Structures are given as structure tokens and as C-alpha cells.
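The block underneath contains the structure these notes are about, expressed in C-alpha cells.
The values are calculated or read from the model by the stated rules, or taken from the named source; none is laboratory data. Values in this document were obtained by computation on a predicted structure and should not be read as measured data. So basically every Cβ, Gly included, is an ideal-geometry build from the backbone, and we count neighbours across all protein chains shown. Please note that ligands, DNA and RNA were not included when accessible areas were found on the heavy atoms of the full protein model with its side chains. Shrake-Rupley method; radii C 1.70, N 1.55, O 1.52, S 1.80 Å.
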Amino acid sequence: MQTWLSPRIKLLIALVGLLVIIQVANSLSGNALVGFGIIPRTLNGLVGIIFAPFIHGDWEHLLSNLPPLLILSALLLHDSIKAYARASAFIILVGGLMVWIIGRNAVHIGASGWIFGLWGLLIAQGFLRRKLLDIIIALLVLFYFGAMASGLLPVHQRISTESHIAGAFSGILYAWLIHKKFRIKAS
């Protein structure tokens, strides 16, 4: 049990450490790292697809994103670290590309697109895979994080609703693609 749990806890601690170090650097530089966010339809903004989820506007922004990121990450890590890494990479890249294509003219930063991607993925897996553990996780996510659905509505000008929608869509898309791949293999 400890050999299964230990690498997952270390990964989550490393993720927190990375996000905190980046926020310290961003704070000390007068928010200079914000320029590495997604800036839709610009060449410089393409770099943001990779970096934006790790950059936050301020400490409040980071601290509001950390709990759901860690909890949803931990729930997805029940499978394997490799599956979590693949899903996260897909969500970050596809969701970020969608924001770059359809996002409003602003700098889009923060882990919320990744969070919404994990949220959508965990819920979709419960419906698609129909394994008891996946169903339980999907129900827990719906129960405890169901209010996140309101983040899909464009309510605040300073919040990247585009990231939320693109993240949720990419998480659901990833769940569907993986499910389809395993169904084809099983045939």
C-alpha cells in the first residue's frame, strides 16, 4: 500500500512546490510571468498553452485553485501516475489550444482550465467506463464539486470562462477517446 501511495503523494507535493515557486517568482518580478499566459491568436500566446496553467495572477488566485487541483488530481491518480500525466497533458494542450483559438482578447492564466478538465474527465469516466470505483468517484465529484458548473457561465470579466469551458470539454473528450480506444482493443 505504501509503495502505491508514496509516489502519488510525492507527485502532489512536487506540484504544490512547483506552483508556489512559480508564484514566488511571479510576485518578486512584479507579475512579469503573466506575459507567458495564453494570448489568443498571437504567436507569443502559443507559449502560454504550456505555461498558463502554472502561472497565477496573485496568491489568492493560486490558493483558490490549489485545493480543487489537488483533490481532483488525487482522485484521478487512483488509476496510475502515467494515466494522470497523459490526461493532464491532453487537457492542458487541447484546452489551451481551444482558448488560444476562441478566447477573448485577454491574457488567460491559472490552473482553472486544468481543474475543469480533471472535473469533466472524472465525471465522464463514471458514465463511460461504468466501473464501480469510477462511478463512486464521479458521484463524489458531482456532489462536492457540482457547484463548479456555475464556472462555465461568463459571470466575471476577470475570470477566463473560456478556459473553464475548454478544460471541461477537453477532459470529457479525453475520457471519450480513451474509452473508445479500449473498446476497440477489447473487440
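One line per residue, one yes/no per condition, for (1) within 13 Å of the chain's Cα centre (by Cα); (2) within 22 Å of residue 134 (Cα to Cα); (3) surrounded by 15 or more Cβ atoms within 10 Å (Cβ to Cβ); (4) without any contact (Cβ under 8 Å) to a residue 60 or more places away in the chain:
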residue: 17; (1), (2), (3), (4): no, no, no, yes
residue: 22; (1), (2), (3), (4): no, no, yes, yes
residue: 65; (1), (2), (3), (4): yes, no, yes, yes
residue: 70; (1), (2), (3), (4): yes, yes, yes, yes
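Taking residue 154 and the conditions (1) open to solvent by 40 Å² or more (accessible area, probe 1.4 Å); (2) assigned to a helix (DSSP H, G or I), which numbered condition does it fall short on, given that it satisfies the others?
For residue 154, the failing item is (2).
All but one of (1) open to solvent by less than 30 Å² (accessible area, probe 1.4 Å); (2) more than 11 Å from the chain's Cα centre (by Cα); (3) closer than 30 Å to residue 27 by Cβ hold for residue 122, so report the exception by its number.
Failing condition for residue 122: (3).
Go through region 24-41 and give me each residue that's open to solvent by 50 Å² or more (accessible area, probe 1.4 Å) and touching a Phe, Trp or Tyr at 6+ places or on another chain (Cβ under 8 Å).
Passing the criteria: 27, 36, 41.
Please state which one of 76, 11 is closer than 17 Å to residue 116 by Cβ and not acidic (Asp, Glu).
76
Which of the residues that make up region 157-172 are part of a helix (DSSP H, G or I) and open to solvent by 50 Å² or more (accessible area, probe 1.4 Å)?
Scanning region 157-172 gives 165, 169, 172.
Where in region 1-116 are there helices (runs of 4 or more DSSP H), lying wholly inside it, with at least 3 residues that are at pLDDT below 95 and closer than 28 Å to residue 153 by Cα?
none
Of the residues in region 88-102, how many are in contact with a Gly (Cβ under 9 Å, 6 or more places away or on another chain) and either acidic (Asp, Glu) or surrounded by fewer than 24 Cβ atoms within 10 Å (Cβ to Cβ) (or both)?
The number of residues fulfilling the criteria is 6.
Identify all residues within region 107-119 that are within 16 Å of residue 47 (Cβ to Cβ) and open to solvent by 20 Å² or more (accessible area, probe 1.4 Å); write none if there are none.
107, 109 - these are the residues of region 107-119 that are within 16 Å of residue 47 (Cβ to Cβ) and open to solvent by 20 Å² or more (accessible area, probe 1.4 Å).
Between 177, 142, which is at pLDDT below 95 and either open to solvent by 40 Å² or more (accessible area, probe 1.4 Å) or farther than 22 Å from residue 64 by Cα (or both)?
142
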